[in-house]
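Notes for the one structure printed next.
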Amino acid sequence: MSVINLLPPELKNKKKQIQLNMTAISLGGSWIVLLFILTAVLFFSRMTLHVSLQANQSEINWLQNAIDQKKDIVSQAYLINDRLQVIKAAQVQNKFSVFLDETIKATPSALQITDFTINPQSKPPVKIQGYAASRREVVKLMEKFDASPYFKEMTFESSNLSEDKVNFTINGQIEKIP
Amino acid sequence: MKKYSSSFFIIIAGFILVTIGVIWLVVIPQGKQLVKTVKDLQQSKRDIADLTGRVEKITSLEQRSEQLSEMTQIVSDYLPDSQKEGPFIVETEKVFQDNGVAGDIMKITGAVKATAKQTTENEESATAGATTTISSTTTSTPTPKVGGLPGTAQTGFSFTFKGNFPSFMNFLKTWEGIRRFFVLQSIQVKTTGDDEITVRADGMIFYKKQVSILENLENLDINFNKLEDLKKKNLYSTPVSPQEPGYGRDNPFVPF
């Protein structure tokens with residue numbers, strides 16, 4: 001059986017428009033409601049997390065107070081580690097006794113040192129003056145120093161003979177600081 | 001035939017405006033606050049873990065407070081928080097006396113700046129008997145090659161010793177191992193007699209005013225095994241104390 005709409009076309013159109021508007025309103029309203037539900041979900045989630053955050057903050061304050069009460073121990077621990085760090089870095093501090101030990105080993109039997117200066121910041125860093133039985137003894141000293149791991153580039157500066165002894169001056173560089 | 005009426009477009013436009021308004025004014029701020037709260041919560045959990053770790057470490061350190069105090073004392077002797085040249089002089093004097101060497105001139109030349117050139121004033125001639133002079137003259141010397149030592153400050157010294165060479169060598173080796181961080185910058189050995197030498201030693205003592213390491217959980221760990229190593233750095237002299245006996249004279253201006 002067929003249905004015949006006998007309404008005039010204007011009314012028919014108006015009815016269609018009203019239906020369309022109602023559909024748009026209901027869809028839009030549903031969308032707005034959904035948005036508010038989403039907002040509510042966000043809000044309550046945040047509130048729940050906020051409660052946990054407040055509990056954590058209280059725990060942090062309690063722990064911080066516990067640490068503050070032991071401030072002395074904390075300061076001591078940081079001081080010790082701070083100083084140990086420097087001590088570790090300072091392991092390379094120079095030991096000048098090693099230079100003198102090397103000099104003991106390098107000095108020939110017929111040679112006397114009267115002035116021995118070692119200063120890594122001066123030029124030359126090593127300066128040695130003394131007496132020797134001959135210039136050969138002086139060169140022996142230089143050769144021995146050159147072979148040492150702590151001295152290098154020994155140079156003969158001057159020498160003069162006085163009362164059967166050679167008065168000499170030699171210079172040198174430091175190869176490494178012990 | 002017109003398909004959509006103007007009222008339909010007004011309704012659609014109204015809903016779009018409301019949607020934008022709600023998202024802009026409500027959803028986005030709520031979302032941002034939620035993200036911030038989540039981040040704060042995560043941070044607070046990390047903070048709790050860190051602080052709990054600290055409390056545990058502090059508690060364990062508290063149980064070894066005696067060793068902790070001893071270690072603090074040793075590292076403070078080695079690298080004090082101020083110049084404290086007094087203990088260094090007393091220690092040096094004890095070591096050279098123990099080794100049969102005389103300390104002729106002991107001079108503190110003042111603060112050492114890290115970059116300027118050395119301008120040490122002329123050395124005074126040796127005087128008879130041991131004398132100690134403390135001067136406020138500032139000496140500028142290049143930084144010693146002792147590696148990176150962040151936060152440390154230096155004070156120069158210039159000491160002159162007299163004695164024989166074997167005694168001096170014994171003294172020097174002992175002196176290099178005392179419980180105070182110092183560095184020699186130069187040394188001059190001169191013969192003055194058949195078996196006599198004069199030695200001038202210039203160097204710097206170090207100190208550190210502040211603690212410069214990070215105050216974190218890791219740096220609360222103390223390696224107590226290091227204590228034994230540190231104890232090898234001997235203390236030869238008795239530290240000077242204002243509480244010790246031997247103070248007070250009726251007339252301080254007459255010879256003792």
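The values are calculated or read from the model by the stated rules, or taken from the named source; none is laboratory data. Everything numeric here is computed off the predicted structure, so don't read it as measured data. Because the Cβ atoms are built from the backbone with ideal geometry, glycine has one as well, and the counts that use them run over all protein chains shown. Heads up: the accessible areas ignore ligands, DNA and RNA and are worked out on the full protein's heavy atoms, side chains in. Shrake-Rupley method; radii C 1.70, N 1.55, O 1.52, S 1.80 Å.
List of remarks:
- Given (1) charged (D, E, K, R); (2) modelled with pLDDT of 75 or more; (3) under 29 Å from the mean Cα position of the chain (by Cα), number of the condition B:Glu121 does not satisfy: (2)
- Selection within the range B:36-52 - farther than 25 Å from B:Gln210 by Cα and touching a helix residue (DSSP H, G or I) at 6+ places or on another chain (Cβ under 8 Å): B:Thr37, B:Val38, B:Asp40, B:Leu41, B:Ser44, B:Lys45, B:Asp47, B:Ile48, B:Thr52
- Some residue of the range B:236-244 being open to solvent by less than 70 Å² (accessible area, probe 1.4 Å), more than 30 Å from B:Val112 (Cα to Cα) and in a loop (DSSP other than H, G, I, E, B): no
- For the range A:80-122, the set of residues classified as touching a Gly at 6+ places or on another chain (Cβ under 6 Å) and open to solvent by 40 Å² or more (accessible area, probe 1.4 Å) consists of A:Val92, A:Gln112, listed by residue number.
- Applying the criterion of being of a type in the set (Phe, Trp, Tyr) and either closer than 20 Å to B:Ile222 by Cα or within 7 Å of chain B (Cβ to nearest Cβ) (or both) to the residues of the range A:65-120, the residue that is nearest to the chain's Cα centre (by Cα) is A:Tyr78.
- No other residue among B:Thr115, B:Thr139 is of a type outside the set (Asp, Glu), surrounded by 19 or more Cβ atoms within 10 Å (Cβ to Cβ) and either at pLDDT below 85 or within 13 Å of B:Asp202 (Cβ to Cβ) (or both) apart from B:Thr139.
- Being assigned to a helix (DSSP H, G or I), more than 9 Å from chain A (Cβ to nearest Cβ) and out of contact with any helix residue (DSSP H, G or I) (no Cβ under 6 Å at 6 or more places or on another chain) is a property that B:Pro166 has.
- Within the range B:26-56, tally of residues that are in contact (Cβ under 8 Å) with a residue 12 or more places away in the chain and either within 8 Å of another protein chain (Cβ to nearest Cβ) or more than 21 Å from A:Val74 (Cβ to Cβ) (or both): 1
- When the helices (runs of 4 or more DSSP H) confined to the range B:1-104 are screened for residues that are over 30 Å from A:Gly28 (Cβ atoms) and open to solvent by 60 Å² or more (accessible area, probe 1.4 Å), those reaching at least 2 such residues are found at B:28-63, B:65-78, B:85-98.
- Some residue of the range A:133-146 being closer than 30 Å to B:Lys232 by Cβ, out of contact with any Leu (no Cβ under 9 Å at 6 or more places or on another chain) and more than 14 Å from chain B (Cβ to nearest Cβ): no
- Residue match in the range B:190-213 (condition: of a type in the set (Ser, Thr, Tyr), in contact with a strand residue (DSSP E or B) (Cβ under 6 Å, 6 or more places away or on another chain), assigned to a loop (DSSP other than H, G, I, E, B) and surrounded by fewer than 15 Cβ atoms within 10 Å (Cβ to Cβ)): yes
- Screening B:Gln33, B:Gln83, B:Gln73 for residues that are among the polar types (S, T, N, Q) and in contact with a helix residue (DSSP H, G or I) (Cβ under 6 Å, 6 or more places away or on another chain) leaves exactly one candidate, B:Gln33.
- Check on A:Ala24, farther than 30 Å from B:Pro29 by Cα, assigned to a helix (DSSP H, G or I), aliphatic (A, V, I, L, M) and at the interface with chain B (Cβ under 9 Å from one of its Cβ atoms): no
- Residues in the range B:198-232 that are within 25 Å of B:Thr160 (Cβ to Cβ) and out of contact with any Phe, Trp or Tyr (no Cβ under 6 Å at 6 or more places or on another chain): B:Thr198, B:Arg200, B:Asp202, B:Met204, B:Tyr207.
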